[in-house]
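Here the structure comes first, spelled out in structure tokens, and everything after it is commentary.
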Amino acid sequence: MLTMKDFSTPAVNTWCPGCGNFAILMTVKQALVDLGLKREEVVAVTGIGCHGKFTDYIDVNGIHTIHGRVLPAATAIKLSNHELTVMGFAGDGDAFNIGMGHFAHAARRNVDITYVIHDNLIYGLTTGQTSPTSKKGFVTKTSPRGSFELGVNPLTQALTSDATFVARTFAGEPKHMTELLKKAIRHEGFALVDVLQPCVSWNRVNTYQFYKERVYKLEDEGHDAGDYKAAYEKALEWGDRIPIGIFYQEQRPPYHESFPALRKGALVGQPLDVDVKKLLDEFR
Ligand SMILES: Cc1ncc(C[n+]2csc(CCOP(=O)(O)OP(=O)(O)O)c2C)c(N)n1
Ligand code: SF4
């Protein structure tokens, strides 16, 4: 059995001390250990942003793709080899600005991936601009009078896009995050895990203290994750109380099961019945 150390890399970590990304990295490793997954069975796909360095710091197959394109890359990987455990890691900017269109389609198709949002409600890497999930009135260098726009709500977006697993956790609750990640990875279908991830350098509003005073666990209050309407209502709650946990879960066949060609097994293991040389010669 592997340990967390086996999932570590020698790369020097350049995240700011105290960043919520450390807890995400630690709990993902713990979840993989607990699930008994091997490094070669897992693929991590990251976008561009502080979260994007994730692939440097975890020893699994990895692709650090371009900004906003985590989901197309992750979908392609899953369809090429659906036996792999595919995880996407995106910033809130990455996922809900340039990546927004991909989100709705991956969710409605029920692509079997776990999509972790490092939701710090700000652009971290580019030094603190308003992000799509920033709340209305949020002051940054690009919104000095406060953002005029309503923030995107990742959970209601996921619910209205027919995602089959919709959850939120908090980087200050590592045990909760580990258990939630394990359920998301085991879920067969599109699993959104929105992580409240304090950015200690640029977001001075949504701090660890801010969340500690507000978060509560849905499982402590008897929430029924099979009830779509109740999930939607809970997803709208953001104020003195902020819920974390599994908002919604349903079973629906994952995307790859609909492809007749994949019923014979993973594409990557199937014999090529095309003459590749002839095909390549056409491009000479
Ligand atoms: C196509 C493209 N547009 C814009 C950028 C510039 N850019 C790099 S990271 C980033 C946003 C970072 O914020 P977020 O996605 O929330 O990630 P974080 O750094 O907070 O983890 C932007 C706009 C880029 N690299 N590529
Ligand atoms: S800028 Fe923010 S998100 Fe990026 S590493 Fe530092 S604390 Fe983390």
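The values are calculated or read from the model by the stated rules, or taken from the named source; none is laboratory data. Here the structure is a predicted model, which means the values were calculated and not measured. Don't worry about glycine lacking a Cβ; one is built from the backbone with ideal geometry, like all the others, and counts go over all protein chains shown.
If you take the residues of the stretch 30-49 that are surrounded by 23 or more Cβ atoms within 10 Å (Cβ to Cβ) and either part of a loop (DSSP other than H, G, I, E, B) or not hydrophobic (A, V, I, L, M, F, W, C) (or both), which of them is nearest to ligand 2 (Cβ to nearest atom)?
Only one residue tops the list, namely Gly49.
Taking the stretch 4-29, which residues are away from ligand 2 (no atom under 16 Å from the Cβ), within 16 Å of the chain's Cα centre (by Cα) and touching a residue at least 40 places away in the same chain (Cβ under 8 Å)?
Taking the stretch 4-29 and keeping what is away from ligand 2 (no atom under 16 Å from the Cβ), we get 4-10, 29.
Still in the list and also within 16 Å of the chain's Cα centre (by Cα): 29.
Matches in the stretch 4-29: none.
Tally up the residues in the stretch 61-96 that are within 7 Å of ligand 1 (Cβ to nearest atom), outside any helix (DSSP H, G or I) and more than 11 Å from the chain's Cα centre (by Cα), please.
Of the residues in the stretch 61-96, 3 are within 7 Å of ligand 1 (Cβ to nearest atom), outside any helix (DSSP H, G or I) and more than 11 Å from the chain's Cα centre (by Cα).
Here's a check for you: in the stretch 170-212, which residue that is over 15 Å from Thr133 (Cβ atoms) and among the β-branched types (Val, Ile, Thr) is farthest from ligand 2 (Cβ to nearest atom)?
Ile185
What is the number of the single condition among (1) surrounded by fewer than 23 Cβ atoms within 10 Å (Cβ to Cβ); (2) in contact (Cβ under 8 Å) with a residue 60 or more places away in the chain that Ile66 does not meet?
Checking Ile66 against (1) surrounded by fewer than 23 Cβ atoms within 10 Å (Cβ to Cβ); (2) in contact (Cβ under 8 Å) with a residue 60 or more places away in the chain, the one that fails is (2).
Go through (1) over 25 Å from the mean Cα position of the chain (by Cα); (2) modelled with pLDDT of 95 or more; (3) of a type outside the set (Val, Ile, Thr) for Glu233 and report which single condition fails.
Exception for Glu233: condition (1).
In the stretch 50-60, how many residues are over 14 Å from the mean Cα position of the chain (by Cα) and more than 12 Å from ligand 2 (Cβ to nearest atom)?
4
So which of Ile122, Ile113 ends up being in contact with a helix residue (DSSP H, G or I) (Cβ under 6 Å, 6 or more places away or on another chain), in contact (Cβ under 8 Å) with a residue 60 or more places away in the chain and crowded, with 21+ Cβ neighbours inside 10 Å? Spell out the reasoning first.
Details: Ile122 fails: in contact with a helix residue (DSSP H, G or I) (Cβ under 6 Å, 6 or more places away or on another chain).
That would be Ile113, the only listed residue that is in contact with a helix residue (DSSP H, G or I) (Cβ under 6 Å, 6 or more places away or on another chain), in contact (Cβ under 8 Å) with a residue 60 or more places away in the chain and crowded, with 21+ Cβ neighbours inside 10 Å.
Out of all the residues in the stretch 211-232, is one or more closer than 25 Å to Thr140 by Cα, touching a residue at least 60 places away in the same chain (Cβ under 8 Å), hydroxyl-bearing (Ser, Thr, Tyr) and not in a strand (DSSP E or B)?
As a first pass, look at the stretch 211-232 and keep what is closer than 25 Å to Thr140 by Cα: 211-215.
Still in the running and touching a residue at least 60 places away in the same chain (Cβ under 8 Å): none.
No, there is no match, as no residue in the stretch 211-232 is closer than 25 Å to Thr140 by Cα, touching a residue at least 60 places away in the same chain (Cβ under 8 Å), hydroxyl-bearing (Ser, Thr, Tyr) and not in a strand (DSSP E or B).
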